[in-house]
Amino acid sequence: MSLKSLLGIELPIIQAPMAGAQNHTLAAAVCEAGGLGSIPAGMLDAAALEAELSALEALTDRPYNVNFFCHRTPAAEPARIDAWHRLLAPLLAEFDVDPASIPSGATRQPFDAAMAEVLERHRPAMISFHFGLPEAQLLQRARATGAKIVSSATTLAEGRWLQQHGVDAVIAQGLEAGGHRGIFLGEDLTTQVGTFALLPQLVAALDVPVIAAGGIADAHGVAAAQALGAAGVQLGTAYLLCPESRANPFHRAALKSPQAAHTALTTLFSGRPARGIVNRIMRELGPLPDGVPPFPLAGNAIGALRAKTESRGLDHCTPLWAGQNVSGCREIPAAALTRELAAGWRG
């Protein structure tokens, strides 16, 4: 089944949810162009999600997606947080951040009952998950809204697991993709493969539609994904320079610079591996150092450092999320970009 048939959309293009870099404005522009805009909920509470969906629905009556994380919030371990602060000590001292002032608690929220209540009121066309799926009761509430349930797979084993748990489609998230990896059946990053290696494996093994994501930046990439059996494509990085994006000036400048040619997977910003443009903190500490607190607790200290460095006009501690192919990033309206991408799709 094609993505167009599954979701009732005109173009087989999903705008990837990008927490912190977009809101309903970008999603609505993609929806109005005939694609599927997405609202990232990982950094929202229920009240903020309600506001976002209401704002989106004021701009479009087209189908849309809401995306959630499925992690379990860990308990903060003081010894581990202290070790993390010691690892960051040179930067904390340089930028005058008092470790005692760093807040505690989770910076990103998992899907929960309060979020399910919001979905029951708004009934989106699609609900997508990252890091697997929520517990059965919550998943059933999401499904009961009438939404198509979709989640990301980074390996063949994850794709099979998702199909066994009843998803309507699987996103094949290749290693090239920007932002957080959807890996959930293990932590071994050597299992992660590229989009055009993963996609045909999932297409051959699964009975549900497979959506290609990672490294696709233009109509040629869309055509290649279709040729390998994709039911549609999901793109995020390509939209980051659109005027409707909320990517901050540091992020935009990095995307337009030679710096964007070098990305890496890093746990520094949140505690889970995510791909971003290499900057000072990644170079000095290494992108995957020991001692980073579990997701999402690493984000508190990084947030404090980010505020101080950005106030001095520096991107040293800013998460500059981007995939390995930024060639499609252009400062054009999201609707025009969506239509250009879809020109690569036949049928």
Set P294, P249, P289: member being at negative phi and without any contact (Cβ under 8 Å) to a residue 24 or more places away in the chain: P249
Specify which of the listed residues (A47, A55, A41) is at pLDDT 95 or above, open to solvent by 40 Å² or more (accessible area, probe 1.4 Å) and over 30 Å from R346 (Cβ atoms). A47
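Does E284 meet the test of being in contact with a helix residue (DSSP H, G or I) (Cβ under 9 Å, 6 or more places away or on another chain) and closer than 20 Å to V97 by Cβ?
Working: in contact with a helix residue (DSSP H, G or I) (Cβ under 9 Å, 6 or more places away or on another chain): yes; closer than 20 Å to V97 by Cβ: yes.
The answer is yes for E284.
I want to confirm something. Restricting to the range 58-80 and keeping residues that are in contact with a Pro (Cβ under 8 Å, 6 or more places away or on another chain) and among the aliphatic types (A, V, I, L, M), which single residue is modelled with the highest pLDDT? Show your work before the answer.
The first filter runs over the range 58-80 and keeps only residues in contact with a Pro (Cβ under 8 Å, 6 or more places away or on another chain), leaving 63-74, 76-77, 80.
Subsequent filtering for residues that are among the aliphatic types (A, V, I, L, M) retains 66, 76.
On the way: V66: 98, A76: 81.
Here the residue is V66.
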For S311, the lone unmet condition from (1) over 28 Å from T195 (Cα atoms); (2) touching a residue at least 60 places away in the same chain (Cβ under 8 Å); (3) hydroxyl-bearing (S, T, Y) is (2)
Tell me, which helices (runs of 4 or more DSSP H) lie completely within the range 1-119 with 2 or more residues that are more than 29 Å from A343 (Cα to Cα) and touching a residue at least 24 places away in the same chain (Cβ under 8 Å)? 46-59, 78-87, 89-94
More than 19 Å from the chain's Cα centre (by Cα), part of a loop (DSSP other than H, G, I, E, B) and without any contact (Cβ under 8 Å) to a residue 12 or more places away in the chain - does that describe any residue in the range 320-343? no
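Applying the selection to the range 88-126, what residues are among the aromatic types (F, W, Y) and within 28 Å of the chain's Cα centre (by Cα)? Lay out the reasoning, then the answer.
Taking the range 88-126 first, the residues among the aromatic types (F, W, Y) are 95, 111.
Answer for the range 88-126, where residues must be among the aromatic types (F, W, Y) and within 28 Å of the chain's Cα centre (by Cα): just F111.
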Do we find a residue being crowded, with 17+ Cβ neighbours inside 10 Å, in the same structural domain as A153 (by the TED database) and in contact with a strand residue (DSSP E or B) (Cβ under 6 Å, 6 or more places away or on another chain) anywhere in the range 218-227? yes
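Considering only residues of the range 135-191 that are in contact with a Pro (Cβ under 8 Å, 6 or more places away or on another chain) and open to solvent by 40 Å² or more (accessible area, probe 1.4 Å), which is farthest from P63 (Cα to Cα)? Walk me through how you get there before you give the answer.
Initial filter on the range 135-191 (in contact with a Pro (Cβ under 8 Å, 6 or more places away or on another chain)): 142, 145, 147, 168-170, 180-181, 183, 189.
In the following step, the residues that additionally are open to solvent by 40 Å² or more (accessible area, probe 1.4 Å) were identified as 168, 189.
Working: D168: 16, L189: 34 Å.
My answer is L189.
Hey, can you tell me all the residues within the range 251-268 that are assigned to a helix (DSSP H, G or I) and open to solvent by less than 50 Å² (accessible area, probe 1.4 Å)? Outline the logic, then answer.
Within the range 251-268, the first condition is being assigned to a helix (DSSP H, G or I), and the residues that meet it are 251-255, 258-261.
Correct list: H251, R252, A254, L255, A260.
Can we say V233 is open to solvent by less than 40 Å² (accessible area, probe 1.4 Å), in contact with a Pro (Cβ under 7 Å, 6 or more places away or on another chain) and assigned by the TED database to the domain that holds L6? Please lay out each step first, then the result.
Values: open to solvent by less than 40 Å² (accessible area, probe 1.4 Å): yes; in contact with a Pro (Cβ under 7 Å, 6 or more places away or on another chain): yes; assigned by the TED database to the domain that holds L6: yes.
Here the answer is yes, as V233 does meet what is asked.
The values are calculated or read from the model by the stated rules, or taken from the named source; none is laboratory data. These numbers come from a predicted model, not from an experiment. Neighbour counts are summed over all protein chains in view; Cβ atoms, including those assigned to glycine, are modelled from backbone coordinates with ideal geometry. Only protein heavy atoms, including side chains, enter the accessible area calculation; ligands, DNA and RNA are left aside. Shrake-Rupley method; radii C 1.70, N 1.55, O 1.52, S 1.80 Å.
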